[in-house]
1. What's the Cα-based Rg to Rh of segment 45-130, Rh via Kirkwood?
2. Sorted by accessible area (1.4 Å probe), largest first, how do 3, 87 line up?
3. Of all trypsin sites (Lys or Arg not before Pro) in segment 57-130, which ones are in loop regions per DSSP and have a Cβ with at most 10 other Cβ atoms within 10 Å?
4. Which of the pairs 76/124; 40/124; 72/124 have their Cα atoms more than 22 Å apart in this structure?
5. Sticking with the crude label model, points 7 Å out along Cα→Cβ, report the distance from residue 96 to residue 83 in nm, one decimal please.
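The values are calculated or read from the model by the stated rules, or taken from the named source; none is laboratory data. Remember, predicted model here, so these are calculated numbers, not experimental data. Please note: Cβ atoms are built from the backbone with ideal geometry, for glycine as well, and neighbour counts cover all protein chains shown. When the accessible area is computed, the model is the full protein with side chains, heavy atoms only, and any ligands, DNA or RNA have been set aside. Shrake-Rupley method; radii C 1.70, N 1.55, O 1.52, S 1.80 Å.
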Amino acid sequence: MNEIIINVISVLVTSIVLPLITFLGIKLTSWLNTKIKDEKSRALLTRITEVVTRNVASTFQTFVESLKKENKFDEKSQSNALRYTKEQILKELSDETIEYISDNFKDVNSWLTTQIESTIYTLKNKKRLQ
């Protein structure tokens with residue numbers, strides 16, 4: 001009788017419990033990898049946002065503001081300010097971060113332009129509300 005119970009338990013463990021444990025292990029690994037990827041993405045995007053915001057503010061303070069006071073902030077100056085800001089941002093971003101932008105948003109240059117313009121818009125509206 002005991003041998004029969006042991007054989008039944010052995011069959012159950014072999015055919016149900018072990019595959020279930022393997023399946024759950026795979027699901028857990030997949031879930032953890034997703035969480036790690038999400039955390040890494042969140043950290044990279046936070047870092048990018050900080051770098052863009054800091055450089056936009058710096059360019060405005062050191063370059064744009066003085067040209068506006070002199071009434072010399074024309075289209076060429078805007079283009080130069082954008083180019084300079086992009087250069088400064090790219091100097092601060094790691095290769096891994098630039099690769100992340102490229103992999104997820106394709107064109108780094110266009111994406112940075114959009115982020116810079118968005119940050120300028122946000123900062124201008126924030127200043128108006130104060």
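1. 1.00
2. 3, 87
3. 72, 106
4. 40/124
5. Spacing of the two 7 Å Cα→Cβ label points: 3.3 nm.
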